[in-house]
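**Student:** Before I ask anything, here is the structure I am working with.
No lab work stands behind these numbers, since they all come straight from the coordinates. Because the structure is a prediction, the values reported are computed rather than measured. Quick reminder, even Gly has a Cβ in these numbers, built from the backbone with ideal geometry, and neighbours come from all protein chains shown.
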Amino acid sequence: MADPTKSPDDPPTMRDVDAPAQIVVVWLVVLVLAGANIGLSVAGLGGLALPVQLAIGAVQAVVVAYYWMHMRRGDQVVTLSALTALFFMFIFFVLVFADYLTRWRNPTGFTGWTP
């Protein structure tokens, strides 16, 4: 919730600035997760590789949004904007996936159309 005693026109204070150690730790976490993602790409997990790498990417996105995009200090408008963007991305991916699933695929490789 926003601080009622603070005006939007007030200059930033030290409360609004992250500690350098925290920035470095978050950066290292993102780098370690990226390294894990790269390492898993050559680990030969088979069908499990994609879900694991997507989960690692989701964790990276949450860490970046929470710390570097300051979602933890965001007011209600910032949170609502982020949730709205996620909602519309979800709709986009559902519609694209539905289109992909309803495409007709011919297993014989014939490219012509037959009635």
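**Student:** How many nm separate the modelled label positions at His70 and Ala36, each set 7 Å beyond the Cα in the direction of the Cβ?
**Tutor:** Label at His70, label at Ala36, 2.8 nm between them.
**Student:** Once the Cβ-Cβ distance between Ala85 and Leu54 is put in as r, and R0 is 25 Å, what FRET efficiency do you end up with, to the nearest 0.05?
**Tutor:** For Ala85 and Leu54, the calculated efficiency is 0.85.
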